[in-house]
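Visitor: Below: one structure in structure tokens.
Rule-based calculations on the coordinates, nothing more; no lab input. Being a predicted model, the structure only gives us computed values, none of them experimental. Here the Cβ is made from the backbone with ideal geometry for all residues, glycine too, and neighbour counts use every protein chain on show.
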Amino acid sequence: MNETESSLELQLVIFQLATEEYGLPITKVQEINRLVPITKLPQAPAFMEGIINLREQIIPIVDLRKRFQLPPGDHDDNNRIIVVEVNGQVVGITVDAVHEVVRLQQSCIEPPPAAFILDSEYIHGVGKFGDRLIILLDIDKILTSQEEITLKELNRDAV
């Protein structure tokens, strides 16, 4: 594959929330871990599960189900914490399962339907992968500016 071809494709980590599949660019993912006990913090936003200690680093954990206003799910052996960087801050996001890493051609990505853009600026697009539709997230827009400030404050207070 030449450089032009590789620039026309995106490598994505595919994960599941409820019945839908989502994708994050692999360049945004630092690591994927099994679900570990999460320390709850008082006064945290509803979608923030708490914090974990990952190799001596305190990392805030965001429950994407709550963030996307999905019903709570059962915790099982498939649940994972995907550690990502959100606008320069390391954050863990909980997901139901991580499936695979795929290469998706740019030509297979379409913008999100206009009806969904109003409250969902974190949806970058929809990827067509075989007969599957994958919701592509812009992880840097998953939190509002105020939520990022709150997370930083909670993280600082937890240390």
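Visitor: Calculated FRET efficiency, Arg55 and Glu9, Cβ-Cβ r, R0 25 Å, to nearest 0.05? Could you put the intermediate results ahead of the total?
Guide: Details: r = 32 Å, r/R0 = 1.28.
Given R0 = 25 Å and the Cβ-Cβ separation, E is 0.20.
Visitor: I need the phi-derived Karplus couplings for the stretch 135-150: 6.51 cos²θ - 1.76 cosθ + 1.60, θ = phi - 60°, integer Hz, Gly and Pro marked x.
Guide: Listing the rounded values in order: 7, 8, 9, 9, 4, 5, 10, 5, 10, 6, 4, 5, 5, 4, 4, 4 Hz.
Visitor: Toward the positive end of the charge dipole of the chain, about the Cα centre and with charges on Cβ (Lys, Arg +1; Asp, Glu -1), which of Leu17, Val126, Ala114 goes farthest?
Guide: After comparing all options, I get Leu17.
Visitor: If each DSSP helix of 4+ residues adds -39,500 (n - 2.57) and the sum is divided by the residues in the chain, what number results at 222 nm, nearest 500 deg cm²/dmol? Present the calculation step by step, with values, prior to reporting the outcome.
Guide: Details: 4 runs with 27 residues, N = 159.
Calculated from helices alone, the mean residue ellipticity at 222 nm is -4000 deg cm²/dmol.
Visitor: With r as the distance between the Cβ atoms of Glu110 and Lys40 and R0 = 25 Å, compute the FRET efficiency 1/(1 + (r/R0)^6) and round to 0.05. Walk me through the numbers on the way to the answer.
Guide: Numbers: r = 39 Å, r/R0 = 1.56.
With R0 = 25 Å, the Cβ-Cβ based efficiency is 0.05.
Visitor: Residues with amide H under 5 Å of Asp138's amide H, sequence separation 5 or more or different chain, H placed in the peptide plane at 1.01 Å from N; which?
Guide: Answer set, sorted by chain and number: Ile123, His124.
Visitor: Along its principal axes, what span do the Cα atoms of the stretch 87-136 show, with the longest given first and each in whole Å?
Guide: Extents along the principal axes: 30, 29, 21 Å.
Visitor: Could you compute the FRET efficiency for Asp131 and Asp77, with r as their C-beta to C-beta distance and R0 at 22 Å, rounded to 0.05? It would help to have the intermediate numbers written out before the result.
Guide: Values: r = 27 Å, r/R0 = 1.23.
Calculated transfer efficiency: 0.20.
Visitor: Can you tell me which of Ala114, Ala97, Ala18 moves the most in a GNM of the chain? Springs connect C-alpha atoms under 10 Å apart.
Guide: Residue with maximal mean-square fluctuation among Ala114, Ala97, Ala18: Ala114.
Visitor: Something else about it: Given labels modelled 7 Å from the Cα in the Cβ direction, how far is it in nm from Ile26 to Glu100?
Guide: 1.3 nm
Visitor: Could I ask something else about it? Once you place label points 7 Å from the Cα toward the Cβ at Asn87 and Ser145, how far apart are they in nm?
Guide: Between Asn87 and Ser145, the simple spin-label model gives 0.8 nm.
Visitor: Hey, what's the Kirkwood Rh for the stretch 11-159 if you take every pair of different alpha carbons, in angstrom? Intermediate results must be reported in sequence, preceding the final value.
Guide: On the way: mean 1/r = 0.0631 Å⁻¹.
Hydrodynamic radius (Kirkwood, Cα pairs) of the stretch 11-159 is 15.8 Å.
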